[in-house]
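Below is one structure, written out as structure tokens; the observations come after it.
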Amino acid sequence: MELDQYIDVFLDESREHLQSVNDHILELEKHPEDLTIVNEIFRSAHTLKGMAATMGFEDIAALTHHMENVLDQIRHEALTVTTEVIDVTFSAIEALEEMVADVAEGKDGKKDVRELVSRLERINSGEAIAATTAENQAESEQFQLDEYQLTVINQAVEQDFQAYQIRVLLTSDCILKAARAYMVLEALEGLGEMIQTNPSVEALEEGEFEQGFDLLLLTNESKQEVEKAVHRISEVEEVQVTDFIYVDQSGLTQETDPTANAQPIEKSDTSEAEHKEKNAPTAATRNTSKTIRVNLDRIDHLMNLFEEVVIDRSRLENLAQQSRDMKILETVENMARVTSDMQNLILSMRMVPVEQVFNRFPRMVRGLAKDLDKKIELTIEGATTELDRTVVDEIGDPLVHLIRNSMDHGIEAPSVRKTLGKPEIGNLSLRAYHSGNHVFIEIEDDGAGINREKVLAKAIENGIVAQTDAELLSDDEVNELILSSGFSTADQVSDLSGRGVGLDVVKNKIESLGGRITIESTKGKGSKFSIELPLTLSILSSLLVKVADEIYAVPLTSIIETALLQESDILSAHGQKVMDFRGRVIPLVSLEEVFDIPRQEVMERKDYAVVIVKKGDKLTGLIVDSFIGQQEVVLKSLGNYLRDVFAISGATILGDGAVSLIIDPNALIA
């Protein structure tokens, strides 16, 4: 069977199951006595093992199997949850993630995990194994038979047949469990009649069972012969043959003649079986899933096609205005409404919750806290906040850097916090929320805050600011200094900090996504890093403006308002044109001068059209010739050859076919 066609499905589902295991392990550490959590972990690990074995990734299947053995002992209460168990499980998850990533790169997913397997086997060895075997034997589910099956057993016993309950345990390294179970069934059916299996025959054939399974066999062979028949099959670790244990009407187990006191399970309205069946979802309900998997490339292709529709829609609107035909105008207006709804729908398909990024941080924080010998509790809020997939894919690394920074530089050691009258456990909050057309992600800690004196001393040493200007800087301006290139206040070089790579990496990445980062800090109380990101990067609502013969698009998300200024309203300060905006002096920037736009004839100005844009607390007025109007435009990259054009973030095609450049207001304000 050709399996390459299923590789994408395998990767998607493997990542989901690994994330599920990761999340539940963190919960298990907080609630080690909750076996329902262990069952969820076991289910995900078991499914992952089966998928990996089917796809031929034996190393993934084998490692998952050893992890599964440990989980099996926990859920049978033969092993308690300790820090060592949690640590080795996390190590196994990390190794599995690396192996799955290796498969995603087209490789074989192999990794040397002998040391990790050895640790898992040590946990799973000795008395724990014996306890598990005893537990499996003691807690093996009993068979419950209907009237027909009891009649068959009754008639067989009268003819000197024996009813045996057989418990089969496979070896811990058995991967093809379904095949071994089939061979056991085939061997036993040659000795007599199989009445029932637990789990069902279908489940056994699918490999949907743990290490062991039970069978009910009618035979005239002895127990020893039955054991020999099963032991001939490889990878069978243990076989236990006992007289049939059945359930009577009172619910008590019996071990005598099954026809003496046994009663068939009543099929009344009050029976437990009927109750479960009533409460279980019907087959129709289970089969009406309204979710499908769609390859992201298809959604991107759909988005690209729709972008062309948006361009053609603008073209039709222009033609309809020129024709002045009411029927055409009405049709185009209706088309505009429909395509606007389509646009919102397609954009929503591109939106994914930021929890895809947030979910990796609890385990990271746990590991780093141990490395730093600190006690840190991570709180996540707003993980369901949705953001464009292209942004989510890129925001992970900056968040990792900021969280590491807060843990290393921000939150103090437990002994220091106790001296300061703070709780020994430091709080680190990661939250996301919507505000207008932006998403805000905040990382806040209750640590030491930013040390103004230390930051200034380092900035002066690195030549970032002059000694004479240092004391004039506000606290916010000092906080911004830690975003400077190569800035680091670490006293020692470590794996976490002091590597000469400062938070400027974070700043550059966020700004490349059209966002910005701000810092708030109070010495001794903590710091908050706030990241503002656009909801989407593909279709922008913008204001079209004209400068000479050129048309530019200014994103509406950056615009505060527009204004018309008389020449007398334009002032000068330190050689820079400025204006009075509601009692605040803000600089003016002429797009004609910035982009060196030639004019065919000198323009006589009676007034100046100004677009007032904002970046954080900073405002700037952009001088243009005139305003054309608001329009949704498709953001297109300028390509590799024009990648670093100052103050231009991309281009779009207008309704008349002309190309318009999209301005990056953040660059002009800076």
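The values are calculated or read from the model by the stated rules, or taken from the named source; none is laboratory data. Remember, it's a predicted structure, so these values are computed and weren't measured experimentally. Note: ideal-geometry Cβ built from the backbone for every residue, glycine included; neighbour counts use all protein chains shown.
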- Return yes or no: is residue 400 of a type outside the set (Asp, Glu) and either within 30 Å of residue 346 (Cβ to Cβ) or in contact with a helix residue (DSSP H, G or I) (Cβ under 8 Å, 6 or more places away or on another chain) (or both)? yes
- Message: Take the residues in the stretch 384-404 that are in contact with a strand residue (DSSP E or B) (Cβ under 8 Å, 6 or more places away or on another chain) and under 17 Å from residue 530 (Cβ atoms); name whichever of them is surrounded by the most Cβ atoms within 10 Å (Cβ to Cβ).
- Response: 387
- Message: Looking at the stretch 549-577 only, could you name the residues that are buried (at least 16 other Cβ atoms within 10 Å of the Cβ) and either more than 11 Å from residue 631 (Cα to Cα) or polar (S, T, N, Q) (or both)?
- Response: 550, 551, 552, 557, 558, 559, 562, 565, 570, 577
- Message: residue 606 - would you say it is exposed (fewer than 15 other Cβ atoms within 10 Å of the Cβ) and in contact with an Asp or Glu (Cβ under 9 Å, 6 or more places away or on another chain)?
- Response: yes
- Query: Among the residues of the stretch 186-203, which ones are more than 17 Å from residue 43 (Cβ to Cβ) and touching a strand residue (DSSP E or B) at 6+ places or on another chain (Cβ under 7 Å)?
  - Reply: 188, 191, 192, 193, 194, 195, 196, 197, 198
- Consider residue 626 carefully, then state whether it is exposed (fewer than 15 other Cβ atoms within 10 Å of the Cβ), in contact (Cβ under 8 Å) with a residue 60 or more places away in the chain and either outside the structural domain of residue 480 (by TED's automatic domain parsing) or of a type in the set (A, V, I, L, M) (or both). yes
- Item | Complete set of residues in the stretch 434-484 that are assigned to a loop (DSSP other than H, G, I, E, B) and among the aliphatic types (A, V, I, L, M) | 448, 450, 464, 465, 466, 472, 473, 482, 483
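Residue-wise test of (1) modelled with pLDDT of 85 or more; (2) crowded, with 17+ Cβ neighbours inside 10 Å; (3) closer than 23 Å to residue 357 by Cα.
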residue	(1), (2), (3)
12	no, no, yes
45	yes, yes, yes
60	yes, yes, no
78	no, yes, no
- For the stretch 568-602, how many residues meet the condition of being within 16 Å of residue 647 (Cα to Cα) and part of a loop (DSSP other than H, G, I, E, B)? 3
- Quick one: which residue in 40, 33, 29 is among the charged types (D, E, K, R), modelled with pLDDT of 85 or more and under 23 Å from residue 80 (Cα atoms)? 40
- Note on the structure: Within the stretch 95-129, residues being in a loop (DSSP other than H, G, I, E, B) and of a type in the set (A, V, I, L, M) number 1
- Go through 152, 226, 157, 230 for me and flag whichever is touching a residue at least 60 places away in the same chain (Cβ under 8 Å), more than 48 Å from the chain's Cα centre (by Cα), buried (at least 17 other Cβ atoms within 10 Å of the Cβ) and not in a strand (DSSP E or B). 226
- Query: Any idea how many residues of the stretch 180-210 are under 19 Å from residue 228 (Cα atoms) and either of a type outside the set (Phe, Trp, Tyr) or assigned to a loop (DSSP other than H, G, I, E, B) (or both)?
  - Reply: 14
- Note on the structure: Scanning the stretch 335-371 for residues that are among the acidic types (Asp, Glu) and surrounded by fewer than 16 Cβ atoms within 10 Å (Cβ to Cβ) gives 341, 371
- Message: Suppose the filter is at pLDDT 70 or above, under 29 Å from residue 78 (Cα atoms), of a type outside the set (Val, Ile, Thr) and in contact with a Ser or Thr (Cβ under 7 Å, 6 or more places away or on another chain); does residue 176 pass it?
- Response: no
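Here's the yes/no breakdown for (1) in contact (Cβ under 8 Å) with a residue 40 or more places away in the chain; (2) buried (at least 19 other Cβ atoms within 10 Å of the Cβ); (3) acidic (Asp, Glu):
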position: 427; (1), (2), (3): yes, no, no
position: 433; (1), (2), (3): yes, no, no
position: 440; (1), (2), (3): yes, no, no
position: 444; (1), (2), (3): yes, yes, yes
position: 480; (1), (2), (3): no, no, yes
- Query: If we scan the stretch 648-655, do we find a residue that is modelled with pLDDT of 90 or more and farther than 23 Å from residue 312 by Cβ?
  - Reply: no
- Tally time: how many residues in the stretch 357-398 are outside any helix (DSSP H, G or I) and charged (D, E, K, R)? 8
- Message: Among the numbered criteria (1) over 30 Å from residue 476 (Cα atoms); (2) free of Cβ contacts under 8 Å to residues at least 60 places away in the same chain, which one does residue 634 miss?
- Response: (2)
- Note on the structure: residue 363 vs (1) in contact with a helix residue (DSSP H, G or I) (Cβ under 8 Å, 6 or more places away or on another chain); (2) under 30 Å from residue 304 (Cβ atoms): all pass except (2)
- Pairing a residue in the stretch 373-398 that is on the phi > 0 side of the Ramachandran plot with any residue that is of a type in the set (Lys, Arg) and crowded, with 16+ Cβ neighbours inside 10 Å, where Cβ atoms lie under 6 Å and the two sit 6 or more apart in sequence or on different chains, gives 382/431
- Message: Of everything in the stretch 194-209, what is surrounded by 14 or more Cβ atoms within 10 Å (Cβ to Cβ), out of contact with any Phe, Trp or Tyr (no Cβ under 8 Å at 6 or more places or on another chain) and of a type outside the set (A, V, I, L, M, F, W, C)? Give them in sequence order.
- Response: 206, 207, 208
- Task: Confirm whether residue 18 is modelled with pLDDT under 85 and of a type in the set (A, V, I, L, M).
- Result: no
